[in-house]
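The values are calculated or read from the model by the stated rules, or taken from the named source; none is laboratory data. This is a predicted model, so every value here is computed, not measured. When we count neighbours, we look across all protein chains shown, and the Cβ atoms used for this are built from the backbone with ideal geometry, even at glycine. Areas reflect the complete protein model, heavy atoms only, side chains present, ligands, DNA and RNA absent. Shrake-Rupley method; radii C 1.70, N 1.55, O 1.52, S 1.80 Å.
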Amino acid sequence: MLHAKGPLLTIDLTDRTATRTDIDDLLSETIGGRATATHLAHDRIPFDADPFGPANRAYLSTGPLQHARMSFTGRMNMTALSPLTDGLCSSNAGGYLSRNFADTGVSVVELVGESDDLLAVHVRDDGVTFEAVPELAGALVPAVSDYAEEHHDLGPENCVAIGPAGENLVRFASVMTFDSRAFGRGGFGAVLGSKNVKLVTFEGDSRPDVDVPADAAGEIHRDAATAEDSMKRQGTAGGTEFINDNFSLPTHYFEDYEFEHAADIGGNAVEEKKYKKAACSQCAFACKLPTRDEGTGFETEGPEFETIYSFGSSQGVGDLLDVMKANELCDQYGMDTISAGVTVAAYLKREGAFGNADLAQEVTEQIARREGVGDLLAEGVHRAHDDLGVDDMTMKGMEFAAHDGRVLHGLGLQYAVSNRGGDHLYGEMMGLTYGGVIEAEGTTDKVETLIEQENYCAFRDSGIVCAFSGQYIDPEDFEALFDTDYADLLDVGAGVIERERHFNNHRGYDRADDELPYDLPGIDTALTEYYDARQWNDDGTVPEPRFDSGAAQASADD
Ligand code: SF4
């Protein structure tokens, strides 16, 4: 089976040491990316670790396809114990980092401990150096990139960085790369913030030799380059009106299912402001969205559909320029646009201020700085909803993505059992529903499909392949790329889901945490069927002993 190559590089921020460990056997079983990082995190983060404590570990990991000339592979994985969900979580970012990361010669970087000083950590193929950067305290992400260029002659494509939100431990702070691409979900910016790491750079000339089948990769690359696909023009924003008209676009903090200004902030409106093409490394599909408002000259990258929902319909904001401004604020301060936008929407509901974009942007900055009401909102909806007097529209502490499980019941079931919480990319149930493959209504007979989709997404995040590749890479393509049966790849994915679940069980998660904040037809029966099919206990836990959990069984205090 094709897999990533190169050692695990462990960087201890307390001692300022770096050690390399051969993990070839693990990589050969887990491919790379999310699967390798999840196995390591499961075994090496103590089950009782504080997400903000030194025992938490943050993993950046690449897959074997990051060595290929192939579209849909400009992606990187990040895994850690999430301060938002309090469970094991993985997030995925595009941009140009993946190739520069691979050039360092390692497959996984593990950050553990915590530094006394604000640090830049420089990972090169010939070693790791630590640089105190007190002058970057409070710096916005673009200023961190400027610093990397000025002092190290490195571009934003070599960097991961956090903004003020990460330093201030905002629970949905993102880790940014290439200024505008985010490891968004799960609050990993706050994990780096708790470790006092502002910037990590990657450079080298030691990319391991990974033999990706050239025919299979070349065919996918050609298809991506030549396909007529509206996503190439409008990105994910292109789905806005279709979803609003035919399914649901959560509006006014989930009060309504349809937004009257959807067309004003949707795909056509975004395309009108798009001023050039943009991509991730090696990707001819090029779905990214650099936009400019000609009237004001304001520029950002996006908004993507999820931001159109979180800072648009959810807040009752129907002016695209306002959504662009909020998108840029989140990128510069380093925050997940979904969680930030939904949290601000909850605040606007409390204030009776839907549609007040100026207030929304003001509060967004306050969150990043933990000023005023921003200090409460920086905790996210799950922890702040009682004080706000609004419903807790989160799953396992994570604010829901745009696709509405109250209407797309298969997705509702996916949200319910997701180890990551309210994130749409844990499976592909919404895509199957939009495409007419499964009915929107009901949960009956959907468990088998859901499990296959979860396993598929978990190995796809290990390869690593972009979530937007679905129409261009089928199971036979995956078999050719990875030189193995599709069933073996799904097994790798199943191992990820089970380890995430097992770790989270040890933090107290069980069936009660798979309950949605709304009614879903047949959910109890579907949950029982799901646990049974996964060979888990009826209370949603993984039977013991299923794994040798190694160091994780030690206490964080040991
Ligand atoms: S399809 Fe879009 S998001 Fe995915 S790798 Fe290509 S440019 Fe990046």
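Filter the range 28-54 for residues that are surrounded by fewer than 20 Cβ atoms within 10 Å (Cβ to Cβ) and touching a Gly at 6+ places or on another chain (Cβ under 6 Å); which is farthest from Ser107 (Cα to Cα)?
Pro54
Restricting to the range 389-427, name every residue that is touching a His at 6+ places or on another chain (Cβ under 7 Å) and of a type in the set (Gly, Ala, Ser). Lay out the reasoning, then the answer.
Taking the range 389-427 and keeping what is touching a His at 6+ places or on another chain (Cβ under 7 Å), we get 391-392, 394, 397, 401, 403, 411, 424.
Correct list: Gly397, Ala401.
So, in the range 266-276, exactly how many residues are more than 16 Å from the ligand (Cβ to nearest atom) and either assigned to a loop (DSSP other than H, G, I, E, B) or in contact with a helix residue (DSSP H, G or I) (Cβ under 6 Å, 6 or more places away or on another chain) (or both)? Before you say what the answer is, go through the steps one by one.
Going through the range 266-276, the residues more than 16 Å from the ligand (Cβ to nearest atom) turn out to be 266, 268-269, 272-273, 275.
From what's left, either assigned to a loop (DSSP other than H, G, I, E, B) or in contact with a helix residue (DSSP H, G or I) (Cβ under 6 Å, 6 or more places away or on another chain) (or both): 266, 269, 275.
Within the range 266-276, residues that are more than 16 Å from the ligand (Cβ to nearest atom) and either assigned to a loop (DSSP other than H, G, I, E, B) or in contact with a helix residue (DSSP H, G or I) (Cβ under 6 Å, 6 or more places away or on another chain) (or both) number 3.
Only one residue in Asp322, Asp387 is free of Cβ contacts under 8 Å to residues at least 12 places away in the same chain, part of a helix (DSSP H, G or I) and surrounded by fewer than 24 Cβ atoms within 10 Å (Cβ to Cβ). Which one?
Working: Asp322 fails: free of Cβ contacts under 8 Å to residues at least 12 places away in the same chain.
None of the others qualify; the one that does is Asp387.
Any chance the range 13-20 includes a residue that's crowded, with 23+ Cβ neighbours inside 10 Å and of a type in the set (Val, Ile, Thr)?
Among the residues of the range 13-20, not one is crowded, with 23+ Cβ neighbours inside 10 Å and of a type in the set (Val, Ile, Thr), which makes the answer no.
Quick check on this structure: which one of Ala225, Ala190, Ala217 is open to solvent by 30 Å² or more (accessible area, probe 1.4 Å) and either under 23 Å from Asp423 (Cα atoms) or within 16 Å of the ligand (Cβ to nearest atom) (or both)? Quick ask: steps written out before the conclusion?
Numbers: Ala190 fails: open to solvent by 30 Å² or more (accessible area, probe 1.4 Å); Ala217 fails: open to solvent by 30 Å² or more (accessible area, probe 1.4 Å).
None of the others qualify; the one that does is Ala225.
Kindly indicate whether Arg75 is open to solvent by 10 Å² or more (accessible area, probe 1.4 Å), within 16 Å of the ligand (Cβ to nearest atom) and either in contact (Cβ under 8 Å) with a residue 40 or more places away in the chain or touching a strand residue (DSSP E or B) at 6+ places or on another chain (Cβ under 7 Å) (or both).
yes
Kindly indicate which of Tyr333, Tyr415 is touching a Pro at 6+ places or on another chain (Cβ under 6 Å), buried (at least 24 other Cβ atoms within 10 Å of the Cβ) and touching a residue at least 40 places away in the same chain (Cβ under 8 Å). Quick ask: steps written out before the conclusion?
On the way: Tyr415 fails: touching a Pro at 6+ places or on another chain (Cβ under 6 Å).
Result of the check over Tyr333, Tyr415: Tyr333.
Where the second residue is within 12 Å of the ligand (Cβ to nearest atom) and of a type in the set (S, T, N, Q) and the first is touching a residue at least 40 places away in the same chain (Cβ under 8 Å) and lies in the range 282-297, which pairs have Cβ atoms under 6 Å and are six or more apart or on separate chains?
Gln282/Thr73; Cys283/Ser71; Ala284/Ser71; Phe285/Ser71
Residues in the range 277-298: is at least one open to solvent by 20 Å² or more (accessible area, probe 1.4 Å), closer than 15 Å to Ala360 by Cβ and away from the ligand (no atom under 16 Å from the Cβ)?
Among the residues of the range 277-298, not one is open to solvent by 20 Å² or more (accessible area, probe 1.4 Å), closer than 15 Å to Ala360 by Cβ and away from the ligand (no atom under 16 Å from the Cβ), which makes the answer no.
For the range 78-117: of the residues being open to solvent by 10 Å² or more (accessible area, probe 1.4 Å) and of a type in the set (D, E, K, R), which is nearest to the ligand (Cβ to nearest atom)?
Arg99
Within the range 129-175, how many residues are open to solvent by 20 Å² or more (accessible area, probe 1.4 Å), of a type outside the set (D, E, K, R) and over 25 Å from Gly187 (Cβ atoms)?
Number satisfying all stated conditions: 3.
Please verify whether the range 484-507 includes one or more residues that are closer than 23 Å to Met70 by Cβ and in a loop (DSSP other than H, G, I, E, B).
yes
Of Ala263, Ala340, which residue is in a helix (DSSP H, G or I), buried (at least 21 other Cβ atoms within 10 Å of the Cβ) and not hydroxyl-bearing (Ser, Thr, Tyr)?
Details: Ala263 fails: buried (at least 21 other Cβ atoms within 10 Å of the Cβ).
Criteria check complete, one pass: Ala340.
Could you tell me which residue of the range 55-65 is most open to solvent (accessible area, probe 1.4 Å), considering only residues that are of a type outside the set (Phe, Trp, Tyr) and without any contact (Cβ under 8 Å) to a residue 60 or more places away in the chain?
Quick first cut of the range 55-65, residues of a type outside the set (Phe, Trp, Tyr) only: 55-58, 60-65.
Remaining after also requiring without any contact (Cβ under 8 Å) to a residue 60 or more places away in the chain: 57, 61.
Numbers: Arg57: 48, Ser61: 0 Å².
Residue satisfying both the conditions and the ranking: Arg57.
For the range 430-476, name all the residues that are closer than 24 Å to Glu498 by Cα, within 16 Å of the ligand (Cβ to nearest atom), open to solvent by less than 20 Å² (accessible area, probe 1.4 Å) and not in a loop (DSSP other than H, G, I, E, B).
Cys457, Arg460, Asp461, Ser462, Gly463
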